Structure formats: structure tokens, C-alpha cells
Amino acid sequence: MTTRAMMSVCAVMSLMIPAVATAQTDLATDVLKADIEAVLKSPDGGVDRQISVVDIGKLNVAVGVLHRGPTRDNAGPTTAIEHTQVTEVYYVLSGSGTLITGTAVVDREQISPDSEIVQVAVGPSARATFQDQGNQVREISSGDVVVIPAGVFHGWRDIEDHVTYLSIRPDPDRVLPAGYLNPAITH
């Protein structure tokens, strides 16, 4: 892990220390490699699969896993998504691609509040299309960490084979369902 990536992870974790100190329980929550693999292999879901949502006192923290296959048309516009209240911290497990982040978008449209992605994964969100300029574009690969603040649009392109990544989701407004555990996990 690069020094910059490690600093990003440490910064996010330091924001969570006061919440952990006041959590309702003194038990830790494990997300095991077997859990991640079970959720990835389950037939239900899609690209974004929530693993669990944990109440740590002053906020919830969710852990999701995402898997994206190759992008088909890298010449066209890149689709973007933003989460109004939930920050995401990506840790790339395998693969690579181009990640775009920013707020220079067109055709913004709210995602239905009844959708599973809003109800379980990331809270209130919107889709849009990135404009050609005014956003941050960078290559991301295995071992990289990216912090995407709430309200920042993000999307992928130029995925040759795949990209699989964890998404750690601090949820200070508690819009995600505390206690959620993906049905693919059997323990």
C-alpha cells in the first residue's frame, strides 16, 4: 500500500475513533474473507453488494463488496453515481480501471428511494453523466485506496478485465439499516 493510500485510511479511521469509543457494544464485528467471497459468489445482488451494516454508537459503518467486469464502450460518456449522505472508502482487492470523481455532470436524476441500492447499500443517491472536463481521472489498481466524500459523483471506465473492491461506508446520518447482514453469509 502506498504512503498516500495508508494516510487516507488512517485519516478516515481517526474520524471514527470517537464513535468507536462510544459504541453501544464492546464487541468487534468481523468481515471475513469467506464472507466477502460468499457475497461475491451469491446469485442475488448485482455490482454493489452490501455485506453488513454495523451500529458503532454515533454512526453506522457499512462494508460492501463490488465487482465490475470489462467496460464495453470506453469511447462513450461515463455514467456517474453519487451518494448524498454516505462517504465511501474503496480498497481495491484485484483488477484495475479508470476511476472518475467530481461534480461536473449533466442529466442528474435521483435514484428511487424504494430501490435496494438506496435502502440497503448507500442511502439517497443520484445518477448522472460525467462532462468531458472538470473531473478527476486516474488509474486505480489492486492495493489502492480512494476516499470518496458524500455528494461526489464517481464512475468507472477502461476496465479491461475486472475490478473488485471493498467499500467501507461511514454513515453518520444512519440512513443504512443497522444490523443488516447479507443473506449469503451463513454464520
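Rounded, prolate or oblate for region 97-187? Axes are the square roots of the Cα gyration tensor eigenvalues, ordered a ≥ b ≥ c, and the cut-off for rounded is a/c under 1.5. In terms of gyration-tensor shape, oblate. Here's the picture: a label point sits 7 Å out from the Cα of Thr186 along the beta-carbon direction, and within region 36-55 the residues with their amide nitrogen under 18 Å of it are 36-44.
Summed over the residues of region 85-138 and divided among them, the accessible surface reaches 50 Å² per residue at a probe radius of 1.4 Å. Applying 1/(1 + (r/R0)^6) with r as the Cβ-Cβ distance of Leu27 and Thr103 and R0 = 30 angstrom yields a FRET efficiency of 0.20. Annotation: amide H of Val105 within the under-5 Å range of Gln131, sequence separation 5 or more or interchain, hydrogens built in the peptide plane. Only protein atoms count toward the accessible area here, which uses a 1.4 Å probe; on region 77-187, the carbon and sulfur part of that area reaches 49 percent. Close amide H partners of Thr84, meaning residues 5 or more places away or on another chain with modelled amide H under 5 Å apart, are Ser125, Ala126, Gly151.
The values are calculated or read from the model by the stated rules, or taken from the named source; none is laboratory data. Because the structure is a prediction, the values reported are computed rather than measured. Note that we place each Cβ from the backbone using ideal geometry, even for glycine, and neighbour counts take in every protein chain shown. Accessible surface areas use protein heavy atoms only, side chains included; no ligands, DNA or RNA. Shrake-Rupley method; radii C 1.70, N 1.55, O 1.52, S 1.80 Å.
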